Amino acid sequence: TTVGMADCILTGPDASQILPNFKKDVSVLEILHEAFKRNGDSIAQIETDTGRSVTFAEMLQRIRTIAANLTKHGVTEGDTVVLCLDKCIEAYTLFIAVIFTGATAALWGTFFTKDDFQHHLKICRPKLIFCSEEIQDRMHLSEVPEAPTVFRDGGAFSDVSGEDFEVHKVKDIKRHFPLIAFTSGTTGISKPVLIPNVTFQRYGYSFPSNCTQNFYVIAPFCWISSTITFVSSIIENYTMLLSVPNPVMQLQLTQEYKADTWMITPTMMLALLRVPNLADYDLSSMKTIIVGGGSLYLPVKKMFLQTLFNNKVNLHLLYGSTEAGVFTSFHDVDPDVVRNSSSSGKLSAGSQMIVVSENGDRVGPGIEGELRVKTDCMMEKYPSYPEATSKAFDSDGWFRTGDLGYYDEEGFIYPLCRISELIKYKDNKLCVTQVEGLLVSYPAVFEAVVIGKPHPKDIEHPAAFIVLKPNVEISPAEIQNFIDDRVSDNYKLRGGIHFIDVVPKLPNGKVIKHMLMKKFQE
C-alpha cells in the first residue's frame, strides 16, 4: 500500500479498494442479518467451560424470538437496553436481539461498583436491564428515580414467535447508534462512548480476511475488543471460542479446540510465559496472535514468539481506542519485519494520522508528538460529557489520542506512551517506555513499571517498581547499575528500584499507576 504524507498527513489505503464489502450507505443491522442467514449451519460460538455450542442459524432463530418480544415491550430506536452479563452464548444473542429492534445496547462491566452503576444509570437512562440477581443488588435501583425493568436473561422473552419479526429499518444511518461502549478508565471513571451504525459495521473488517477459523476469546463480554471480534465473526463466518482469562486453561483449550487465533494483552503474554512445562502443550494449530491494550516491549515479544511458538505464528500489534476503533494493521507487511519491530504497523484502511508537536505544529517522519487520527470508526460523542467530547477533538476534527509517538519514512507507526504519564524531570519530559523495555529484558525481572517519584527540587525522579521472577535473589543495586549503564543521564533511576509482589491492574490489564504512587507516601 502506498502511504501519502502530504502536508504531514499520513493516509492509509482507500477503504473501498481494500474492503470491497464495507458499505457506508447500508445499515449494519441489514448486513449482520444477511450474514447470519448466509452462515447457516456453521458453528458461531462454543462455550469452552460447558462445551455448549450454537450455529449461526440457531442463534438467529433465538435472536428473532427475543427481538420480537422486546419490540412487544415497546423497545425501539432511541431506547437503551443495558446488558451487564458474563460472557456466554446467551449474552451475545441478547446483544444482537437488542440492536435488531433498532435500540442501543449498552454493555456494562460485571465488575462495576455501586458508584459506577449509579453514575452510568443517570447517563444511559436504560429502558431495560439484563443482569444477574447479585448485580441487581449491587445497583441499588431503589435509589434511582424511574428505575428501569430488570430481567435475568432472555428466557422471559419467548411469548411471541420470531417468525414474522422484521429487522428494524434504519431511516437515517448517520443518526443511528447501535452501541454504547466504555473507555478503559485508566485515568478515572470510564466514560460512555456512543458508536454510530457505520463504525459498528467497520468493526467487522478489523482483522485480515480469512485469517481465522477458531478465534479464542478471552476478553470479557463488555470490552470493545469482544464486540469487534463478535461483529467480525458474523461478517467473516468464523467460530468464537468463549473462555476465561486463565493461562493454563488457554493452553489446554487451544490444544483441545485447535484454536488458530488469540487476541491478548501484553499482561496476558507475561502470564502465559510463566506457565510451567510450556513444551507439553500442542499449539501447532495457532496461526495469528493479535495484541492490544498496552505497550508491548520488543524483548517480551521476541521471547514470547520464540518460547511458545518457535517463531511460527504471525503477531499483529493493534493500536486503537474505543473512540476511534482500530487504526493500524499489518496488511501486506512481511511477518519477519513485524517480529523484529516495535511498531504497531501501518495505518488501517480509511484512516489518517497527524503528529502534533508540543507547540501545535504538524511534524513529519521520525519526530515525536501527539498522535491524532481520523478514521471510519469514529465515535459520535461521550453522552452527557459535552466538555470531554469537545476536548477530544481539535479545531480541525482530529481525535486526540493522548499518546506520544511518531511514524517513520515507510509509514510504520510507533506509539510510545500516554502524554499524561510523561515524567517531568527538571526541564525535561521523559517517556520511559524504553527503560521499562530494558528492565524486562534483564533475566531476573518478570515485570516492570517506571513512574515519577515526586522530588522537591527536580519535580520528579524516574523510579522502577519491579516484580522478580520466582526464586530469584538479586539486589536493587545490580538492576540499577544495569540500567544506568544503558541510558542517558536524565533516564537514570534516581527514584530507586522497588520490589513488589504484583503490579496493580484494572480488569483490562492496564496498570493503575496512581496506586503505585501511593507507595511513595507510605
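The values are calculated or read from the model by the stated rules, or taken from the named source; none is laboratory data. From a predicted model like this one, the values you see are computed outputs, not experimental measurements. Cβ placement follows ideal geometry from the backbone for every residue including glycine, while neighbour counts extend to all protein chains displayed.
Summary table
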| item | result |
| --- | --- |
| Candidate set: region 1-13, residues that are assigned to a helix (DSSP H, G or I) and in contact (Cβ under 8 Å) with a residue 24 or more places away in the chain; chosen: the one farthest from Thr254 (Cα to Cα) | Asp7 |
| Filtered residue count, region 445-479, keeping only those that are modelled with pLDDT under 95 and among the charged types (D, E, K, R) | 3 |
| Leading residue by the ranking (surrounded by the most Cβ atoms within 10 Å (Cβ to Cβ)) among those in region 468-507 that are closer than 30 Å to Ser190 by Cα and touching a helix residue (DSSP H, G or I) at 6+ places or on another chain (Cβ under 9 Å) | Val503 |
| Count of residues meeting criterion [in contact (Cβ under 8 Å) with a residue 12 or more places away in the chain and loosely packed, with under 11 Cβ neighbours inside 10 Å] in region 130-142 | 1 |
| Residue list for region 14-64, filter: of a type in the set (A, V, I, L, M) and in a loop (DSSP other than H, G, I, E, B) | Leu19, Val26 |
| Positions within region 284-303 being modelled with pLDDT of 95 or more and surrounded by 20 or more Cβ atoms within 10 Å (Cβ to Cβ), in sequence order | Met286 |
| Unmet criterion (only one of (1) buried (at least 18 other Cβ atoms within 10 Å of the Cβ); (2) in the same structural domain as Thr104 (by the TED database); (3) under 25 Å from Lys122 (Cα atoms)) for Gly162 | (3) |
| Subset tally (residues that are under 9 Å from Tyr491 (Cβ atoms) and not in a helix (DSSP H, G or I)) for region 429-449 | 2 |
| Enumeration of residues in region 399-427 that are outside any strand (DSSP E or B) and aliphatic (A, V, I, L, M) | Ile419, Leu422 |
| Matching residues, region 384-398, being surrounded by 15 or more Cβ atoms within 10 Å (Cβ to Cβ) and either part of a helix (DSSP H, G or I) or in contact with a helix residue (DSSP H, G or I) (Cβ under 6 Å, 6 or more places away or on another chain) (or both) | Ser384, Thr389, Ala392 |
| All positions within region 206-231 that are in contact with a Ser or Thr (Cβ under 7 Å, 6 or more places away or on another chain) and part of a helix (DSSP H, G or I) | Ile224, Ile228 |
| Listing of helices (runs of 4 or more DSSP H) fully contained in region 232-328 that carry 2 or more residues being over 20 Å from Leu506 (Cα atoms) | 247-257, 298-309 |
| Looking only at region 508-522, and only at residues there that are modelled with pLDDT under 85 and out of contact with any helix residue (DSSP H, G or I) (no Cβ under 7 Å at 6 or more places or on another chain), the one that is surrounded by the most Cβ atoms within 10 Å (Cβ to Cβ) | Asn508 |
| Matching residues, region 477-504, being in a helix (DSSP H, G or I) and either among the β-branched types (Val, Ile, Thr) or touching a His at 6+ places or on another chain (Cβ under 8 Å) (or both) | Ile479, Ile483 |
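A quick yes/no check of all residues on (1) part of a helix (DSSP H, G or I); (2) in contact with a helix residue (DSSP H, G or I) (Cβ under 7 Å, 6 or more places away or on another chain); (3) of a type in the set (A, V, I, L, M):
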residue: Leu70; (1), (2), (3): yes, yes, yes
residue: Val82; (1), (2), (3): no, yes, yes
residue: Asp86; (1), (2), (3): no, no, no
residue: Ala91; (1), (2), (3): yes, no, yes
residue: Val98; (1), (2), (3): yes, yes, yes
residue: Ala105; (1), (2), (3): no, yes, yes
residue: Thr110; (1), (2), (3): no, yes, no
